[in-house]
Amino acid sequence: MPRILHNNIWYSPVDSASMYESIYESKILNSSNYLFPGYFCLPFKKQVESIYGPAIPDLVLIDREYREWIVVEVAIVTGK
């Protein structure tokens, strides 16, 4: 299995289906400065309305200059 070496630490791929969604969300939040530079990444468990009906997303990305914000749904998708 391929691995990545970064700052003298080896990283191995992990099957996303092996994690609970809440753990996956935590990993995204903990790495958000690298994943989403220029944005604040925060939990966002508020009901929002759309043309598809109401939903409760997981995270929100807010531009550090407050020009825009993006609602994020974290979902684990498997090929099974």
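What pairs come out if I take residues in the stretch 38-57 that are more than 17 Å from Val74 (Cβ to Cβ) and pair them with residues that are open to solvent by 40 Å² or more (accessible area, probe 1.4 Å) whose C-beta lies under 6 Å away, six or more apart or interchain?
From residues that are more than 17 Å from Val74 (Cβ to Cβ), the pairs are Gly38/Arg64; Pro54/Gln47.
Which condition breaks for Glu73 when tested against (1) touching a residue at least 12 places away in the same chain (Cβ under 8 Å); (2) among the acidic types (Asp, Glu); (3) open to solvent by 70 Å² or more (accessible area, probe 1.4 Å); (4) out of contact with any Leu (no Cβ under 9 Å at 6 or more places or on another chain)?
So Glu73 meets the others, but not (4).
Name the one entry in Tyr24, Tyr39, Tyr66 that is surrounded by 13 or more Cβ atoms within 10 Å (Cβ to Cβ), at pLDDT 95 or above and hydroxyl-bearing (Ser, Thr, Tyr). Explain how you work it out, then say what you get.
Working: Tyr24 fails: at pLDDT 95 or above; Tyr66 fails: surrounded by 13 or more Cβ atoms within 10 Å (Cβ to Cβ).
From the options Tyr24, Tyr39, Tyr66, the qualifying one is Tyr39.
Rundown of residues vs (1) open to solvent by less than 70 Å² (accessible area, probe 1.4 Å); (2) out of contact with any Pro (no Cβ under 8 Å at 6 or more places or on another chain); (3) in a helix (DSSP H, G or I); (4) polar (S, T, N, Q), yes/no style:
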| residue | (1), (2), (3), (4) |
| --- | --- |
| Pro2 | no, no, no, no |
| Leu5 | no, yes, no, no |
| Trp10 | no, yes, no, no |
| Val14 | no, yes, no, no |
| Leu29 | yes, no, yes, no |
| Tyr34 | no, yes, yes, no |
| Lys45 | no, no, no, no |
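The values are calculated or read from the model by the stated rules, or taken from the named source; none is laboratory data. Note that the coordinates shown come from a computational prediction; the quantities given were computed from them, not determined experimentally. Using ideal geometry, Cβ is built from the backbone for each residue, glycine included, and neighbour counts are taken over all protein chains shown. Surface accessibility is based on the protein's heavy atoms, side chains included, excluding ligands, DNA and RNA. Shrake-Rupley method; radii C 1.70, N 1.55, O 1.52, S 1.80 Å.
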